[in-house]
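To start, the structure under review is shown below, and the notes come after it.
The values are calculated or read from the model by the stated rules, or taken from the named source; none is laboratory data. For clarity, every value in this text was computed on a predicted model and none was experimentally measured. Virtual Cβ from ideal backbone geometry, glycine too; neighbours counted across all protein chains shown.
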Amino acid sequence: MLGLFGILARLVELQVADASTYQEMAREQRLRSIVLPASRGSILDRDGYELAMSLPAKAVFADPALVRDPLEVARAVAAILDLDEGEVYDAVTKAGDRFVYIERGVDLVTAGRLEELELPGIGFLEESRRHYPAGALASQVLGFVGTDGGGLEGLELQHDRLLSGRPGHAVVEEDPSGTLIPQAAIEDVPPVPGNDVVLTIDKDLQYRAQASLASAVRANKAKGGTLIVMDPHTGDILALAVYPWFDPNEFAEAEERLWRNTALIDAYEPGSVNKVIAASAAVEEGLVPLNETFSVPEQIQIYDRVYHDDHSHGVLQMTLADIVTHSSNVGAIMVADAVGAGHFADYLQRFGFGARTGVGFPGESPGILDPVGSWTGTTLPSIAIGQAIGVTSVQMAAVYATIANGGVWVRPRLVRGTVEEGGAFVAAPPSDTRRVVSGRTAQAVTRMLSFAVQVGTGEAAEIPGFWVAGKTGTARKPLPNRLGYSEERHIASFIGFTPASRPALVVAAVLDEPETVYGGIAAAPLFQDVARSALALLRVPPAAKPPTPPHAVPTG
Amino acid sequence: MSVARSDRRSRPIPRGRPAARSASHLRVVRPRRAPRRIPFLLASFVLIGLLVTGVVITQALVSQGSFRMRELAREVASLQQANGDLRREVADLSAPERLADEARRLDLVLPEHVYVLTVNERSGRPAGSSLGERTGGEGPGTGAP
């Protein structure tokens, strides 16, 4: 009788008092929560070619506490995953850990072969791996993702949230052998896949740009270079090449400095390509009539600095067009002086200097433009010839795009739109614009820039039949550890647009430390090569030659 | 039992009357039949059998469903893999560098001259055989990405 009471008491304890505890324990035993990873969206070029794509994959992990025969497991896993047997052995025998990754991003077929072995202590997790089919194409633009699938650099980082989507989860019931009980799914929140991002980049033009840039860097024995092709009307960057580059499929093996998109991240002193600002400001403000001549000496002293032209000459009578065409430093300084520091600083800002372009790229530099209040007596003349100011290649390309676009600055952009889950393309809003100079001023400056290519320093950039408007730049690099400029290290550039009378594209070619320092010799042929390819690829028809601007210096 | 019941129904015998007279009221009551157990048992067995069979069938269906689900999950994974492989193959084959290499292997070159024809809007015919200037570039540069 006593025993019966004892049993009854225990029953009451189990079924009533502790019932909820045991229910919870049973629930935990048979319920399993599964994270359903969202597939990362692709990055497409403007025509829909996949520049970055995610492929389904599995992560292989070990629970060392459950591994019975570590040697055998290590041998089997290493053989299938092509890993070092010793390293796998270390992983599966790691004391104190219940979860050790053995390999990530394993393709499903290989993972399936391993799963079939049903090795105790070896588990699998669903994930995806990133693949860049075109290798190093636009690598500094695309960036890359880490092993956990998150963006680490470039557009992969900038648009990480958009590309990642939202992971889902499911709570399922399983029997003691781990088999899912089909009707017993308790919760099922499906993942939301990431959107695709469509770039403004044209893969064929990007390839040609990279190929031409690499050839130019090698031919000029330069340290590196950047090249930008841009639509001046929309701000679309059609190609953005930075040399040397890296393969994002194997980013860990590349030097970190190669990851940098120097066209957007690094500021440099632009040199003579900056003379277009003083010229535009002077024309816009009506301070320098186009047929007025300046008496331009070979050199000029301002405070403690002597500025001189690149070649020896006596006092020359030069119009504004002559100053631009022959890239006279002294002439540009005289023009900037006529404009005045206040107006000049205002134009520099309106052309986009000292502020990020708004392209949104991670780490984009605003450049360096000191506030006009802190300018010294030599700041104005220095900036007039492209010194004492820091700009990015994209900022500089946007300046020439402004002239090409009739005086309206257009924010450069790298993203055309997105493709949502259902496949619908959602166009990005058009780029912001602002008028910097009038259409008449832009036309006048275009004539000067075209003349500079026809008879001036940029002859090597000319494309007969289309006509190029552009400017060369040769800038000495600042000394790394002290004030002053290097005599040996230069940045050579050519920035321009074509066709000059009906601009379709802007090309900025910049070479870092070329053996031949002059922009007209080192960078202008690179401009021509890429501009020709772009004109053919984009099927741009030829256009009329722009009228010659008033000039006083006899031509060739 | 039935006798007892009939006793309860019978009236009390009046005193002084002969017993023979009351005997004429007696009658034989046929014993009631015992209830039939066999059909009940049979029905129970059939019901239990049906229930057991139902449970077994349900279990089998559940297991079958589970196997089918695993099979389908494997098939989905395999199709996803195939889809991924095909997408990758298309992208790899369309990569500009591969196309350029293939073009070089086939000795293809870019045209030396590119001519632009301007179509006469009225006649719809080209106005002149060639109007264009040379626009073509060289072949793809070496050291391509």
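Could you pull out the residue among A:Leu157, A:Leu114, A:Leu125 that is modelled with pLDDT of 95 or more and not in a loop (DSSP other than H, G, I, E, B)? Step through it out loud before you land on a result.
Details: A:Leu114 fails: modelled with pLDDT of 95 or more; A:Leu125 fails: modelled with pLDDT of 95 or more.
Answer to the check: A:Leu157.
Restricting to the range B:90-106, name every residue that is in a helix (DSSP H, G or I) and either at the interface with chain A (Cβ under 9 Å from one of its Cβ atoms) or on the phi > 0 side of the Ramachandran plot (or both).
At the first step, the residues of the range B:90-106 found to be in a helix (DSSP H, G or I) are B:90-94, B:96-105.
Residues satisfying the conditions are B:Val90, B:Ala91, B:Asp92, B:Leu93, B:Ser94, B:Pro96, B:Glu97, B:Arg98, B:Leu99, B:Ala100.
Evaluate the following for B:Val109: is it facing chain A (nearest Cβ under 10 Å) and assigned to a loop (DSSP other than H, G, I, E, B)? Steps first, answer last, please.
Numbers: facing chain A (nearest Cβ under 10 Å): no; assigned to a loop (DSSP other than H, G, I, E, B): yes.
So B:Val109 does not fit the description; no.
Anything in the range A:427-447 that is hydrophobic (A, V, I, L, M, F, W, C), touching a residue at least 12 places away in the same chain (Cβ under 8 Å) and over 15 Å from A:Ala401 (Cα atoms)? List them, or say none. Lay out the reasoning, then the answer.
Initially, the range A:427-447 is screened for residues hydrophobic (A, V, I, L, M, F, W, C), giving A:427-428, A:436-437, A:442, A:444-445.
Those left that are additionally touching a residue at least 12 places away in the same chain (Cβ under 8 Å): A:428, A:436-437, A:442, A:444-445.
Answer for the range A:427-447, where residues must be hydrophobic (A, V, I, L, M, F, W, C), touching a residue at least 12 places away in the same chain (Cβ under 8 Å) and over 15 Å from A:Ala401 (Cα atoms): just A:Ala428.
Quick one: how many residues across the range A:198-213 are surrounded by fewer than 24 Cβ atoms within 10 Å (Cβ to Cβ) and either within 18 Å of A:Ile495 (Cα to Cα) or of a type in the set (Phe, Trp, Tyr) (or both)?
So the answer is 1.
Please find, within the range A:114-143, the residue that is surrounded by the fewest Cβ atoms within 10 Å (Cβ to Cβ) out of those that are under 28 Å from A:Ile34 (Cβ atoms), more than 13 Å from chain B (Cβ to nearest Cβ) and touching an Asp or Glu at 6+ places or on another chain (Cβ under 9 Å).
A:Pro120
Would you please name the residue that is nearest to the other protein chains (Cβ to nearest Cβ), looking only at residues in the range A:247-269 that are part of a loop (DSSP other than H, G, I, E, B) and closer than 22 Å to A:Pro514 by Cβ?
Taking the range A:247-269 and keeping what is part of a loop (DSSP other than H, G, I, E, B), we get A:247, A:254-255, A:260-261, A:266-267, A:269.
Subset that is closer than 22 Å to A:Pro514 by Cβ: A:255, A:260-261, A:266-267, A:269.
Values: A:Glu255: 17, A:Arg260: 16, A:Asn261: 15, A:Asp266: 20, A:Ala267: 25, A:Glu269: 28 Å.
Checking each candidate, the answer is A:Asn261.
Can you tell me how many residues within the range A:500-556 are crowded, with 23+ Cβ neighbours inside 10 Å and of a type in the set (A, V, I, L, M, F, W, C)?
17
Looking only at residues that are outside any strand (DSSP E or B) and touching a Ser or Thr at 6+ places or on another chain (Cβ under 7 Å) in the range A:213-240, which one is nearest to the other protein chains (Cβ to nearest Cβ)? If you could, list the steps in order and put the result at the bottom.
Kept after step one, since they are outside any strand (DSSP E or B), are these residues of the range A:213-240: A:213-223, A:231-235.
Those left that are additionally touching a Ser or Thr at 6+ places or on another chain (Cβ under 7 Å): A:215, A:220, A:234-235.
Working: A:Ser215: 4, A:Asn220: 13, A:Thr234: 22, A:Gly235: 24 Å.
Of everything passing the filter in the range A:213-240, A:Ser215 is nearest to the other protein chains (Cβ to nearest Cβ).
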